[in-house]
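These notes are about the structure you will find just below.
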Amino acid sequence: MSRAFSLALKQKIDETLARYPEKRAALLPVLHLVQNETGFISAEDERTVAALLDIKPIMVREVVTFYTMFNQKPPGRFHIRVCTNLSCSLAGGEKMVDYLKTRLGLQPGQTTPDGKFTLTEVECLGGCDQAPCLMVNFDHFGNLDRDKIERLLESLK
Amino acid sequence: MNAEQKILTRDLGPENLHRIDVYLQNGGYRAVKKALTHCQPGPILEEIKKSGLRGRGGAGFPTGLKWSFVPQETDTGKYLCVNADEGEPGTFKDRFILGHLPHLLIEGVIIASYAVGIPTAYVYIRGEYETLARRLELAIDEAYEKGFLGKDILKSGFDLDLFVHRGAGAYICGEETALLESLEGKRGYPRLKPPFPAKVGLFQKPTVINNIETLANVAPIILYGADWFLSRGLPNEGGTRLFGVSGAVTKPGLYELPVGTGLREIIFTHAGGLKPGRKLKAVIPGGMSAPLLKADEIDIKMDADSVAAVGSMLGSAAIIVIDDRTPILTVLKKIARFYAHESCGQCTPCRLGSAWILKTVDRMAGGEGEPGDIDALARLAANIQGRSLCPLGEAESLSVLSIAHKFRDELEDSLKNRAIIQE
């Protein structure tokens, strides 16, 4: 499905382009802007961005697929990223993933049928002093246990 | 350590120190005023060299020396890149600096750029730190409004533009040349060195790349002098480190302590030691890239040279403490999974080596290990060593080898017992 970029988005893209001596350098920030607006980056978006930056579509595709934070399909409204690297693991990070799997009926990488939650296992989030930790969209939550996760899920409306 | 000895965390009393008005009321931007109105670039460079400031990102390279490698002529364009792509497992110091001291970082960026004659700087922040990136952008806007960034800063004739650039979830972009590629809008594939970024860096121009904690130390050095800075560390490595302690301690957290503080003191005095009844098994002293130390190897000073002398690395000064309840196979599995996931795929030894190490470790952790698996792991790791394009493969190799050698008995036991590691 084709979708045109809004005027506001185009303006933000122009502002971003002005920060770099080469248009291609704006690729990551521009993809963030597109994803902020639409939740993911479609094949059509890739071609539109390529045209705006005067680069080949493959140059956009290779970047979208290289970086884990660019979504190639729509994620849930609440994207839960749970750290299971060493420090979080020592504090029970895997147990938090297991609890969320059961509670949401999801395997990591999946989205609930109502489109509300996506669950992902990730590497270190830089919250090791508050292990185990997770992110919901861009907000961090640490020192987790089952009660805290339950209250957190309750608050996500 | 008393408050007077601290450098980065000494002024944390006031609330909202991340706002420029509060920061200015508490003596902020004095270092920038001193540097730009009273100092020439040359003496600033000399003061940083004299201070013994070494890079806080991992490699520990002398900062003043790094700056001096950049050619002096200014008409061809040069760049400063701030590495805030925090991703080294166990590390959470950049989060602290971005959250509480964004203006201290901006001061460091201004002074470094002035000293090297750089007109444009970028802060590369890991994609997950979106809220912190916004906080830094707010601080940058404030600095422009007050005339600390932009054209003719403080009527010194010096111009500087500073921009925030967010990554998108790739550990490899913390490697300095992968960071440059990423900033240019490409995949994070490390470059071959030489040429080094000081000569051919961002957009093919001479470039300084410094860790955010390194730059946060610059303003205090300019304000109080190299001798003051050196008095807080060791004669050949000045200042403090933000030691991030996590894992099996009772008080995980960030502790600012002089370079050279004892590892045992950090774990047992500052971070509260282990929970009752637990015994120390191993310590990772500098983020996951640093090879493991056994419990009887922690009577060392935490400075780059001392940690290197025992075969590990001070790295990002992130200390991960592992107690006797954690099987070493669990640690090995985390390390193997991390590198297999984060290897960028560009060079074969790292791409395939990390994948085969993970396969072997997964088999061992599933209770299906074979008698020769430990030797196979050591062989795989040794085959990456010295053959990977960047330090990522090297780091995995050394970590896996440290476990295979130092914890061989425990690994043999788990193979014999067909121990299964639950995830």
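The values are calculated or read from the model by the stated rules, or taken from the named source; none is laboratory data. None of the values given here were measured: they were computed from a predicted structure. Heads up, the Cβs are rebuilt from the backbone with ideal geometry, glycines too, and the neighbour counts pull from every protein chain shown.
Looking at A:27, A:52 in this structure, which one is of a type in the set (A, V, I, L, M) and away from chain B (no Cβ under 11 Å)?
A:52
Taking into account only those residues within segment B:379-392 that are surrounded by 21 or more Cβ atoms within 10 Å (Cβ to Cβ) and over 16 Å from residue B:176 (Cβ atoms), which is farthest from the chain's Cα centre (by Cα)?
The residue in question is B:380.
Quick one: which residue in B:142, B:128, B:107 is buried (at least 24 other Cβ atoms within 10 Å of the Cβ), away from chain A (no Cβ under 12 Å) and not in a strand (DSSP E or B)?
Sole residue among the options that is buried (at least 24 other Cβ atoms within 10 Å of the Cβ), away from chain A (no Cβ under 12 Å) and not in a strand (DSSP E or B): B:107.
Quick test of your reading of the structure: residue A:9 fulfils all but one of (1) assigned to a loop (DSSP other than H, G, I, E, B); (2) in contact (Cβ under 8 Å) with a residue 24 or more places away in the chain; (3) surrounded by fewer than 20 Cβ atoms within 10 Å (Cβ to Cβ). Name the failing condition by number.
Only one criterion is unmet by residue A:9, namely (1).
Which of the residues spanning segment A:54-104 are of a type in the set (D, E, K, R) and either crowded, with 16+ Cβ neighbours inside 10 Å or not assigned by TED's automatic domain parsing to the domain that holds residue A:36 (or both)?
Those that are of a type in the set (D, E, K, R) and either crowded, with 16+ Cβ neighbours inside 10 Å or not assigned by TED's automatic domain parsing to the domain that holds residue A:36 (or both): A:61, A:73, A:77, A:81, A:94, A:95, A:98, A:101, A:103.
Could you tell me whether any residue of segment B:381-399 is touching a residue at least 40 places away in the same chain (Cβ under 8 Å) and of a type in the set (Val, Ile, Thr)?
Among the residues of segment B:381-399, not one is touching a residue at least 40 places away in the same chain (Cβ under 8 Å) and of a type in the set (Val, Ile, Thr), which makes the answer no.
Tell me yes or no: at least one residue of segment B:313-335 is more than 14 Å from chain A (Cβ to nearest Cβ), of a type outside the set (Asp, Glu), more than 27 Å from the chain's Cα centre (by Cα) and surrounded by fewer than 23 Cβ atoms within 10 Å (Cβ to Cβ).
Within segment B:313-335, none of the residues are more than 14 Å from chain A (Cβ to nearest Cβ), of a type outside the set (Asp, Glu), more than 27 Å from the chain's Cα centre (by Cα) and surrounded by fewer than 23 Cβ atoms within 10 Å (Cβ to Cβ).
For segment A:65-76, name all the residues that are within 29 Å of residue A:157 (Cα to Cα) and facing another protein chain (nearest Cβ under 9 Å).
Across segment A:65-76, the qualifying residues are A:67, A:68, A:69, A:70.
Which pairs turn up if I take residues in segment B:178-193 that are assigned by TED's automatic domain parsing to the domain that holds residue B:163 and look for partners that are of a type in the set (Asp, Glu) and part of a loop (DSSP other than H, G, I, E, B) with beta carbon separation below 6 Å, at least 6 apart in sequence or on another chain?
Final answer for the pair search is B:190/B:175.
Just give me the residues in segment B:252-266 being more than 14 Å from every other protein chain (Cβ to nearest Cβ) and in contact (Cβ under 8 Å) with a residue 24 or more places away in the chain, in sequence order.
Once the filter is applied, which keeps residues that are more than 14 Å from every other protein chain (Cβ to nearest Cβ) and in contact (Cβ under 8 Å) with a residue 24 or more places away in the chain, segment B:252-266 yields B:257, B:258, B:259, B:260, B:261, B:262, B:263, B:264.
Give segment B:218-248 a look and list any residue that's at pLDDT 95 or above, within 18 Å of residue B:260 (Cβ to Cβ) and hydroxyl-bearing (Ser, Thr, Tyr), or say none.
Selection gives B:240 alone.
Among the residues of segment B:63-94, which ones are acidic (Asp, Glu) and either under 17 Å from the mean Cα position of the chain (by Cα) or within 14 Å of another protein chain (Cβ to nearest Cβ) (or both)?
B:85, B:86, B:88, B:94
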